[in-house]
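Everything on this sheet refers to the single structure shown next.
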């Protein structure tokens with residue numbers, strides 16, 4: 001597996017551990033269905049939280065969350081809608097971002113930033 005894939009996988013593991021430590025119930029991780037993909041689906045109280053995880057080894061060109069494009073947001077919202085079609089919930093839905101800065105896969109030193117309500121779906125495109 002490529003180094004950046006391992007780094008991303010480690011970032012997702014750290015994000016999941018972080019969310020669990022904050023009391024989030026992890027419903028799904030690395031969820032795939034056809035062309036749809038979600039990093040983490042969790043429950044926080046009465047909200048279903050769709051979590052996009054971005055991991056970088058350096059911030060020379062910006063923080064990890066700076067690399068979430070409008071296209072990525074649209075794909076995440078589309079995937080969340082598909083997820084909810086397959087597994088209906090009666091909870092409000094929220095989109096969070098967890099950014100992880102990690103020198104390398106084996107590093108025990110890292111930074112996590114949790115951005116609650118990081119973005120809202122653009123309802124005009126529906």
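Every number here is computed from the coordinates shown, using simple stated rules; none is lab data. Predicted model only: the values in this text are computed from it and were never measured.
Here are some notes:
- Think of it as helices only: each DSSP H run of n ≥ 4 in the chain is worth -39500 (n - 2.57), and spread over all residues that comes to -9500 deg cm²/dmol at 222 nm.
- On Cα atoms only, tilt of 70-86 relative to the major axis of the chain in degrees: 50
- Relative contact order, percent, the stretch 3-125 [alpha-carbon distance under 8 Å, six or more residues apart]: 26
- Taking 20, 42, 80 as the candidate residues, the one with maximal mean-square fluctuation in a Gaussian network model of the chain, Cα springs under 10 Å, is 20.
- C-alpha long axis of helix 3-21 to longest principal axis of the chain, angle in °: 60
- Global geometry of the stretch 1-52, whether rounded, prolate or oblate, following the gyration tensor of its Cα atoms and the 1.5 cut on a/c: oblate
- Kirkwood analysis of the chain, using all unique Cα-Cα pairs, places the hydrodynamic radius at 15.0 Å.
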